[in-house]
1. What are the residues in segment 316-333 that are aliphatic (A, V, I, L, M) and at pLDDT 95 or above, if any?
2. Against the definition (of a type in the set (K, R) and either at pLDDT 95 or above or in contact with a Cys (Cβ under 6 Å, 6 or more places away or on another chain) (or both)), how does K290 come out, yes or no?
3. Can you find even one residue in segment 239-251 that is free of Cβ contacts under 8 Å to residues at least 40 places away in the same chain and within 13 Å of the ligand (Cβ to nearest atom)?
4. Output the strands (runs of 3 or more DSSP E) that fall wholly within segment 132-225 and possess 3 or more residues being open to solvent by less than 20 Å² (accessible area, probe 1.4 Å), or say none.
5. Looking at Y388, Y312, which is the one that is in a helix (DSSP H, G or I), of a type in the set (F, W, Y), crowded, with 17+ Cβ neighbours inside 10 Å and within 13 Å of the ligand (Cβ to nearest atom)?
6. Would you be able to say whether some residue in segment 282-305 is assigned to a loop (DSSP other than H, G, I, E, B), within 12 Å of the ligand (Cβ to nearest atom), within 25 Å of T240 (Cβ to Cβ) and open to solvent by 80 Å² or more (accessible area, probe 1.4 Å)?
7. Just one of the numbered conditions (1) in contact with a helix residue (DSSP H, G or I) (Cβ under 7 Å, 6 or more places away or on another chain); (2) aliphatic (A, V, I, L, M); (3) open to solvent by less than 20 Å² (accessible area, probe 1.4 Å) is not true of I378; which one?
8. Identify all residues within segment 1-24 that are under 27 Å from the mean Cα position of the chain (by Cα) and either without any contact (Cβ under 8 Å) to a residue 40 or more places away in the chain or surrounded by 22 or more Cβ atoms within 10 Å (Cβ to Cβ) (or both); write none if there are none.
Amino acid sequence: MSLKNKKILIIVGGGIAAYKSLDLIRLLKKNNNEVKSILTKSGREFVTPLSITTLTKSKTFEDIFDKNSEAEIDHISLSRWADIIIVMPTTANFMTKLSAGKAEDLATTVILASNKDVLLVPAMNVRMWLHKATQINLKTLQDFGYLFIGPEKGEMACGEYGEGKMSSPKQIFSFLENYFKKRNSVKERKLKAIVTAGPTREFIDPVRYISNESSGKQGYEIAVALSKMGVKTTLISGPTNIIFQKGIRTKKITTAEEMLEEVKKSLPVDIAICAAAVSDFKPISKSTSKLKKNQDNLNSIKLKKNKDIVEYLGKNNKFRPKLVVGFAAETENLNKNAFTKMKEKNCDLIIANDVSEADKGFNSDFNKVNIISNNGKIIQIKKNKKSYIAHKIVEVVLNKFFVDDRNFN
Ligand code: C5P
């Protein structure tokens, strides 16, 4: 059992499922984890501080203005103390507060001040869960990087049936086991990755170039998600308007040739994710002076193919990363074309996105992808913010890295 010696902060929310938090506390303590708990005002309607304290063997924190509590441990140290924060049950109202970034009581303040992952465990009536307001909050919270487990489908305390039932303490426990196992493995292996992102520019003359619409957003989000998981990540980026992410080593390049050179310099790495929209062609020669328009037609600009970077990595005999991940932006036969591309370039995974519809893929905040493995398995990720898609891609990449497809379904 890999879940032991962790420090877990459980925020008990105000819902009928609150009593199940006691079972999770018991399970965690039995496996030698330290647990502290914050009981929200409405949570107190369902469980008592005494029952929590009896199980955690620690004070139950309740009020942000509790003088004794603040003297002993404030909201900052409580959030720094934890390895992970869990909110169970997460009510619809609590989701609204977090979406708005509220800090109105101890629970919301600890979360806002936290530098740790926060796992939300929603539980509510099916209509409340499916309400547009809750679903918008869900997207916002996923975009903020909050983790979710559930809700499950089933019969609810109110007697209705549907999606809204809280995941069981056992399910939460095994989620935590996987979460810490993956993190420990990344740490032990000192995993290194490169991510290519953004467009490249291929110059015709000193001021004109061939390029494309890539914003670099998806690649940047992948680099952020990888480093959040503890992977030492180098981002190799073409020209973008994105403000550099703190803590991520970023190499700025302009042309495809420069991108390839930076990739070569960064090897060896364990994982390469090539999200860049590298220009396929570059002018055979770049004019040293600005081309004049004193002719009616410019009949041709001779182009030659740029070297394929992901293929260079995929077929590299000496320094092939264990996992090479490519992207395939397609307008038709998405999976088939992407699969062929993956084989041609010898990638292990390919992220296929359909760029035929507006507001997905290129230069958008949203994306919708299929993650295709070299053994033919496909995971479909519904349209969502690129930050969420990045998190999902990294989850699949690390699963494949560590268990080679056992969790890939
Ligand atoms: O063949 P196509 O350009 O559609 O393939 C896209 C994939 O190949 C992306 O992962 C992209 O980053 C990569 N690529 C590359 N070097 C090139 C062209 C594409 O790494 N010169």
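1. L323, V324, V325, A328
2. Against the criterion (of a type in the set (K, R) and either at pLDDT 95 or above or in contact with a Cys (Cβ under 6 Å, 6 or more places away or on another chain) (or both)), K290 does not qualify.
3. no
4. 192-197
5. On inspection, the qualifying residue turns out to be Y312.
6. no
7. (3)
8. Within segment 1-24, K4, N5, I8, L9, I10, I11, V12, G13, S21, L24 meet the criteria.
The values are calculated or read from the model by the stated rules, or taken from the named source; none is laboratory data. Predicted model only: the values in this text are computed from it and were never measured. Backbone-built Cβ (ideal geometry, glycine too); neighbour counts: all protein chains shown. Please note that ligands, DNA and RNA were not included when accessible areas were found on the heavy atoms of the full protein model with its side chains. Shrake-Rupley method; radii C 1.70, N 1.55, O 1.52, S 1.80 Å.
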